[in-house]
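Here's the structure, in structure tokens; my notes come after.
Nothing in this text is a laboratory measurement; each read-out follows from the coordinates by a stated rule. Since we're looking at a predicted model, the values are computed, not measured. Cβ coordinates were reconstructed from backbone atoms using ideal geometry, including for glycine residues, and neighbour counts include every protein chain displayed.
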Number of protein chains: 2
Amino acid sequence: MRPPENILEVLKNEDSFLILTHSTPDGDALGSSLALKFLLRELAKKAEIFTEQPIPSQYKFLPEIEKIKNIRELPLEAFKVLILVDCNNPSRVDNDKKLVEKIERFSGIKVIIDHHIEDKRGDFNAIKWIEPEEAATGIMIYKIIKAFGINLDYAMATALYTAIIIDTGNFQFDNTSEHVLTIAAELVRAGAKPSYIYEQSFESWSLNRFNLFVNMLTNVEITPPLAVGYLRKDDFEKTGTEESDTERFVEFLRTIKDVTIAALFREIEENFFKVSLRSKGSLDVNPIARAFGGGGHKNASGYRIRSSFEEAKNKLIEVLKSNQML
Amino acid sequence: MRPPENILEVLKNEDSFLILTHSTPDGDALGSSLALKFLLRELAKKAEIFTEQPIPSQYKFLPEIEKIKNIRELPLEAFKVLILVDCNNPSRVDNDKKLVEKIERFSGIKVIIDHHIEDKRGDFNAIKWIEPEEAATGIMIYKIIKAFGINLDYAMATALYTAIIIDTGNFQFDNTSEHVLTIAAELVRAGAKPSYIYEQSFESWSLNRFNLFVNMLTNVEITPPLAVGYLRKDDFEKTGTEESDTERFVEFLRTIKDVTIAALFREIEENFFKVSLRSKGSLDVNPIARAFGGGGHKNASGYRIRSSFEEAKNKLIEVLKSNQML
């Protein structure tokens with residue numbers, strides 16, 4: 001779909017934009033935010049991105065990533081427009097409830113550009129463009145740039161290519177379509193370097209992260225079609241890693257032939273887990289995540305749960321069973 | 001480049017074609033051979049593929065793979081034209097020297113379609129189309145199909161998409177270009193299913209293979225820029241695996257940021273190792289493998305060595321040092 005006119009109008013008519021995205025920002029969150037900022041600069045607008053810090057190290061190569069500011073020092077009043085990118089509910093922007101409330105009270109124009117399934121809790125009263133059919137928010141930003149007739153430059157192409165490969169698992173997920181590959185080809189023509197971006201995004205694990213991965217693999221419980229990995233607080237401490245270091249860990253569990261559903265439990269606080277779900281093919285894990293108050297996409301969703309690991313795992317198995325997935 | 005006229009003429013004018021490829025056939029070898037066979041069938045020609053058996057299990061999903069015959073039962077005299085696909089020297093077709101000599105003596109028309117660097121040993125006296133600049137032989141077959149004005153069907157598209165993702169590491173290697181992504185997009189339009197093909201080709205590890213991988217990771221020695229993995233005979237026996245199960249293991253070691261050279265030692269017989277070398281970017285491991293009597297490409301080479309693991313590892317380190325790579 002073409003970007004809605006009311007969103008294009010806001011971008012055209014207003015002059016100062018605050019760009020926010022979800023916490024633990026990934027390549028689509030960061031790449032989309034950056035590309036939108038580059039577009040707004042081309043349109044001679046003021047635009048700034050604020051996110052949770054630190055930025056995961058694998059994205060340090062992105063053009064102007066160092067100019068992204070800390071969400072904890074958010075000068076909301078300095079902007080006319082707030083744009084939520086790659087997330088559609090302010091509660092996803094940060095774990096600090098007071099900060100989220102402050103964002104919810106933003107009095108200027110609010111815009112949402114996202115490809116996640118709509119989270120209707122609360123009323124943020126924004127101009128929304130939500131397209132769960134799109135593989136990445138980066139593709140929506142690409143369409144906005146096109147709608148303005150702006151030429152893609154190296155920085156935009158690199159940011160958008162990164163967004164796409166992160167959300168398609170470098171063209172391996174079910175969302176990899178003719179449309180996605182055609183846009184990727186155009187981004188390469190505009191200067192994006194596939195092997196360089198791949199190496200930076202996917203082959204830049206710290207030794208600590210590698211050790212955490214080995215830790216997960218040695219403890220994984222495989223009972224096809226399900227594989228369950230878990231990382232306790234202690235595992236993160238022992239290896240000197242953080243939650244953001246687990247990006248793509250759960251995808252690896254899909255490598256096993258008979259595993260069609262993979263779950264990764266990460267203990268963020270004692271007995272509080274962030275859970276990532278992945279599935280193969282037509283299997284839809286989004287309803288499973290929603291049953292726990294989370295959400296996401298068909299093949300990649302997530303939720304949070306406060307309980308012991310054993311209890312959390314058993315609850316997941318229960319819900320999978322009641323959805324005829326086990 | 002467009003396919004040479006003399007190759008198109010042979011395909012147009014002759015009526016029976018024997019298609020051969022290299023031993024240990026991979027996705028490009030098999031996908032290209034199949035797509036060429038499908039084209040010849042569209043042109044109402046007789047065409048058959050003969051390869052080394054068994055076909056690796058991850059390629060069993062390819063359309064009509066079961067019709068590929070055993071190279072050891074080759075009825076050379078039954079064909080007017082022999083086409084070597086994804087290899088440019090008959091010595092690469094099989095390890096059996098007598099069989100190779102028989103192929104070399106083939107008295108009909110000989111054609112070579114390949115993207116590897118030309119191996120000039122011997123004189124096979126064939127009509128050649130060799131394009132080392134192409135990412136996959138599959139792209140050359142795609143161009144031949146286009147030159148005939150034939151519509152890509154599901155089977156052709158699936159075979160060619162597989163060829164491309166195997167030789168570009170699913171769009172991660174340096175050979176991933178706008179051209180490659182544009183053709184991939186067209187193959188998807190013609191029916192190729194990216195996530196299905198990826199899953200079949202790359203995510204079909206047995207549980208045994210997964211255990212062998214964990215085994216390698218828990219023993220890997222990382223001293224950046226070098227990472228060394230090793231798998232002893234005992235590791236294969238314990239996990240019920242074979243050497244062929246280690247495909248893509250060494251690539252994984254490149255995931256670590258500061259690792260630019262990865263080596264995997266696999267003990268084939270007691271104190272006899274097959275060694276795979278991988279490098280990132282401009283680092284060339286081919287001279288290293290050649291120093292041990294092996295060879296390969298810039299970023300992927302290999303050799304064999306008879307010694308203890310410690311001695312073999314120390315010799316590799318020595319050679320890397322004397323090549324200023326450590």
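Quick notes on this one:
- Placing pseudo-labels 7 Å out from each Cα toward the beta carbon at A:LYS12 and B:ARG304 gives an inter-label distance of 7.0 nm.
- Rg over Rh, two decimals, region A:86-238 (C-alpha only, Kirkwood Rh): 1.03
- Whether region A:1-118 is rounded, prolate or oblate, judged on the alpha carbon gyration tensor where a/c under 1.5 counts as rounded: rounded
- Compared with the dominant principal axis of the Cα atoms in chain A, helix A:137-147 is inclined by about 20°.
- The dipole here belongs to region A:207-322: it is taken about the Cα centre, uses +1 on the Cβ of Lys and Arg and -1 on the Cβ of Asp and Glu, and is about 460 debye.
- Annotation for region B:40-54 versus region A:247-270: alpha-carbon center distance of 41 Å.
- Residue (of B:ILE141, B:ASN208, B:ALA185) at the positive-pole extreme of region B:109-222, dipole from beta-carbon charges: B:ILE141
- Report note on the peptides B:314-324, B:49-59: ranked by the mean count of other C-beta atoms within 10 Å, highest first, their order is B:49-59, B:314-324.
- Taking a sphere under 10 Å around the Cβ of A:ALA163 and counting the other residues whose Cβ falls inside, with K and R at +1 and D and E at -1, yields a net charge of -4.
- The protein assembly as shown, dipole about Cα centre (Lys/Arg Cβ +1, Asp/Glu Cβ -1), debye to the nearest 20: 280
- Summing +1 for each Lys or Arg and -1 for each Asp or Glu among the other residues whose beta-carbon sits under 11 angstrom from that of B:GLY296 gives +2.
- Per-residue ellipticity at 222 nm, computed for chain B from helices alone with -39500 (n - 2.57) per DSSP H run of at least four residues, works out to -11000 deg cm²/dmol.
- For B:LYS98 and A:LYS69, the FRET efficiency from 1/(1 + (r/R0)^6), where r spans their Cβ atoms and R0 equals 60 Å, is about 0.25.
- Cβ-based charge dipole, the protein assembly as shown, positive-most Cα from B:ILE288, A:LEU160, B:PHE79: B:PHE79
- Against chain A, whose longest principal axis comes from its Cα atoms, helix A:207-219 is set at around 40 degrees.
- Out-of-range pairs (alpha-carbon distance over 27 Å; input A:LYS97/A:LYS280; A:LYS60/A:LYS238; A:LYS60/B:LYS315; A:LYS102/A:LYS298; B:LYS67/B:LYS120; A:LYS193/B:LYS143): A:LYS97/A:LYS280; A:LYS60/B:LYS315; A:LYS102/A:LYS298; B:LYS67/B:LYS120
- Cα gyration tensor shape of region A:178-326, rounded if a/c is under 1.5, else prolate or oblate by comparing a/b with b/c: oblate
- Local electrostatic count at A:ARG2 - Lys and Arg +1, Asp and Glu -1, tallied over other residues with Cβ under 11 Å: 0
- Exposure proxy for B:SER201, A:SER91: other Cβ atoms within 10 Å of each Cβ, ordered fewest to most, give A:SER91, B:SER201.
- Going from the fewest other Cβ atoms within 10 Å to the most, the residues B:ASP284, A:ASP234 appear in the order A:ASP234, B:ASP284.
- Angle of helix B:178-189 to the longest C-alpha principal axis of chain B, folded into 0 to 90 degrees and rounded to 10: 60°.
- Dipole orientation for chain B: of the candidates B:SER107, B:ASN151, B:LEU320, B:SER107 has the Cα lying most toward the positive pole (charges on Cβ; Lys, Arg +1; Asp, Glu -1).
- Net charge dipole size for chain A [Lys, Arg +1 and Asp, Glu -1 on Cβ; Debye, nearest 20]: 260
- By the count of neighbouring beta-carbon atoms within 10 Å, fewest first, B:ILE183, A:ILE165, A:ILE109 end up ordered A:ILE109, B:ILE183, A:ILE165.
- Distance from region A:110-126 to region B:176-234 (C-alpha centre basis), Å: 37
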